[in-house]
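J.: Before I ask anything, here is the structure I am working with.
What follows is calculated from the coordinates using simple rules that are stated; it is not laboratory data. If you're wondering where the values come from, they're calculated on a predicted model, not measured in any experiment. In this analysis, Cβ positions are derived from the backbone assuming ideal geometry, glycine residues included, and neighbour counts consider all displayed protein chains.
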Amino acid sequence: MKALEDFISKASDIVWGPAMLILLVGTGIFLSFRLGFMQFSNLPYALKLAFTRSQDKKSTGDISHFQSLMTALAATIGTGNIAGVSTAVIAGGPGAVFWMWVTAIFGMATKYGEAILSVKYRVKNSKGEMSGGPMYYIERGIGWKWLAVLFAVFGAIASFGIGNMVQSNSVAEALNGSFGINPWITGIVLAIFTGLVILGGIKSIGRVAGIVVPFMAVFYVLGGLIIILMNIPEIPHAFGLIFGEAFTAESVGGGVLGTAVRYGVARGVFSNEAGLGSAPIAAAAAKTDYPGRQALVSMTGTFLDTIVVCTITGLTLVMSGKWVGANTDQSSSLTVSAFEGFFPHVGGYIVTFGLIFFAYSTVIGWSYYGEKCVSYLLGDRSVFVYRVIFTIAVLIGSVSSLKIVWGISDVFNALMAIPNLIALLMLSKVIVSETRIFKDVRRQEKQKRAPKNVILDS
């Protein structure tokens, strides 16, 4: 068993090594330049789109922009926002937070590109529901069926690891540690709630995600903001550490990539999933008239996940100073300790309940990703069987030791990214073309709304 764990650990180190991180961030930089850094100029409109519940009735799709974003955020906002950020700060120092921000900025362009392709190349399945994602734009856009199959295989396997058993195990450990609840009880209850949601398909997942995700995000962010505002004098020092240690010789040049850069980028990507190819599967289900419109909505997911939620965790950790001398095995407990230190008797529960909701939402979000991968490989009839097995796996994860599962999940997450990034680079012309089409649509929409005596700039 030890030999297997060592082998998986080495495999994970290889696939998540400097080459992968450079490819992930490099793709985001490449798309940012090709798109004229539209993630900055279009962010206000994108956020408005995302949080406007009204929907064009003529748009095709299964769920609203808002539900699509919440489904993607359900899978994205998870243990990475708590344990992942903590690991980055412990291993890479406060400067890692800065590099997480950098990853998010360029990752927004990557998420945008993924969503455009996903909506453009989506298809209707035998049930009349939308199916899309990297496997479809790889096959229909590039014509490489074999690469599309590889992505689907990697995605289906990853859904049982990082999207299922790892998350249910985190919930069981949190409840057992805080309240002494038996993991079997947690597993059974969690499996029941998971089954009730995912057996209803994407519309059920979208409805639940639309309730759970805003609640859990606001709960955690407000708790963190209260702590930060209660300790305003510490904020300048914390930002000084984050920016100051982001560019030290060791942070930038130490090791292969530098400690802050390496851990900041790795944990940033792990948290927001930009480039992995998971989120565009949810984007394909959205009701939208143009690929570019939904792509802007999807782009906001990276902003909300990393720039907002991860920053709350990172800033609180840096302010606390508890990261000094800590080790990565203490990642989740360190975040609990930091919040508890600033907000006694309450802060620890903010993190614990945040972790529970984050993990559960990840399970229901990833169930949809895995379902679509399995459907692509085996047909729509396989979906029900997948949902049943996925629900059972939630219980298994709650009561099992998952060191090997963690490692396997890391490996297959990275393997998912490779076909997806190849497709993004090869189809970048399509992304740019669809963006131009939507820009023209937006210009026409503005002209219709503008008073007749007002001349709009082109």
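J.: Translational diffusion coefficient of segment 177-243 at 25 °C, 0.890 mPa s, Stokes-Einstein with Kirkwood Rh over Cα pairs, in µm²/s as a whole number.
T.: 158 µm²/s
J.: When each pair of different Cα atoms in segment 91-228 is counted once in the 1/r mean, what is the Kirkwood radius in angstroms, to one decimal?
T.: It is 18.7 Å.
J.: Could you work out the percent of alpha carbon pairs in segment 175-334 separated by over 25 Å, rounded to a whole number? Mind showing how you got there, number by number?
T.: Values: 6367 of 12720 pairs.
Value for segment 175-334 (Cα pairs over 25 Å): 50 percent.
J.: What does segment 112-161 give for Rg and for Dmax, in Å, if only its C-alpha atoms count?
T.: 11.2, 29
J.: Scaled to the compact-protein estimate 2.2 N^0.38 Å, what is the alpha-carbon radius of gyration of segment 327-435, rounded to two decimal places?
T.: Rg over 2.2 N^0.38 Å, computed on Cα atoms: 1.47.
J.: Hey, can you rank 344-354, 104-114, 122-132 by average C-beta count inside 10 Å, highest first?
T.: On the way: 344-354: 18.4, 104-114: 29.5, 122-132: 16.4.
Highest mean packing first, the order is 104-114, 344-354, 122-132.
J.: While we're looking at this one, here's another question. Given the alpha-carbon gyration tensor of segment 254-362, what are the semi-axes of its equivalent ellipsoid in whole angstrom, ordered largest first, with each equal to the square root of 5 times an eigenvalue?
T.: Working through the eigenvalues yields semi-axes of 31, 19, 11 Å.
J.: Then there's this: What's the whole-number percent of alpha carbon pairs in segment 352-392 lying beyond 11 angstrom?
T.: 63 percent
J.: Continuing with the same structure: Give me 135, 426 ranked fewest to most by other Cβ atoms within 10 Å of their Cβ, as a rough exposure proxy.
T.: Sorted ascending by nearby Cβ count, the order is 426, 135.
J.: Hey, if you put +1 on the Cβ of every Lys and Arg and -1 on every Asp and Glu Cβ in the chain, which of 335, 315, 427 ends up farthest toward the positive end of that dipole?
T.: 427
J.: Which of 147, 69 has the fewest other C-beta atoms within 10 Å, and how do the rest follow up to the most? Intermediate results must be reported in sequence, preceding the final value.
T.: Working: 147 19, 69 32.
Lowest count first: 147, 69.
J.: Now for a separate question. When only C-alpha pairs under 8 Å and at least 6 residues apart count, what is the relative contact order of segment 1-114, in percent?
T.: Numbers: 44 pairs, mean separation 45.8, N = 114.
This gives 40 percent for segment 1-114.
J.: Now a separate question. What list do you get for 269, 399 if you sort them by fewest beta carbons within 10 Å?
T.: Taking fewest neighbouring Cβ atoms as first place, the list is 399, 269.
J.: Would you list the membrane-span-like helices of the chain, meaning whole DSSP H runs whose alpha-carbon atoms span at least 27 Å along their axis and whose mean Kyte-Doolittle value is at least 1.0?
T.: Both cut-offs are met by 201-230, 403-426.
J.: If you count, for each residue, the other Cβ atoms within 10 Å and average over each peptide, how do 91-100, 187-196 line up from highest to lowest? Before the final figure, lay out each step's value.
T.: On the way: 91-100: 27.7, 187-196: 18.3.
In decreasing order of mean packing, 91-100, 187-196 become 91-100, 187-196.
J.: Taking Rh as the Kirkwood radius computed over C-alpha pairs, what is the Stokes-Einstein D of segment 79-150 at 25 °C in a medium of viscosity 0.890 mPa s, expressed in µm² per second?
T.: 167 µm²/s
J.: Moving on to the next point. Using only the alpha carbons of segment 1-132, what is the convex hull's orientation-averaged projected area in square nanometres? It would help to have the intermediate numbers written out before the result.
T.: Working: hull surface 47.4 nm².
One quarter of the hull surface, i.e. the mean projection, equals 11.8 nm².
J.: Another question, then. How large is the dipole of segment 164-321 about the Cα centre if only Lys and Arg carry +1 and Asp and Glu carry -1, each at its Cβ, rounded to the nearest 20 debye?
T.: Its charge dipole is roughly 500 debye.
J.: Something else: How fast does the chain diffuse by Stokes-Einstein, in µm²/s, taking the Kirkwood radius from C-alpha pairs at 25 °C and 0.890 mPa s?
T.: It diffuses with D of about 111 µm²/s by this estimate.
J.: Where in segment 169-183 does the label zone of residue 5 land, with the point 7 angstrom along Cα→C-beta and an amide N cut-off under 20 Å?
T.: Under cut-off, by backbone N: 169-174.
J.: Please compute the alpha carbon radius of gyration of segment 329-384, then divide it by the globular-protein estimate 2.2 N^0.38 Å. Two decimals is fine.
T.: 1.76
J.: State, to one decimal in nm, how far the label point of residue 52 lies from the label point of residue 229, with both points 7 Å from Cα in the Cβ direction.
T.: Inter-label distance under the simple model: 2.9 nm.
J.: State the Kirkwood hydrodynamic radius of segment 154-212 in Å, one decimal place, computed from all pairs of distinct Cα atoms.
T.: Evaluated on segment 154-212, it is 12.6 Å.
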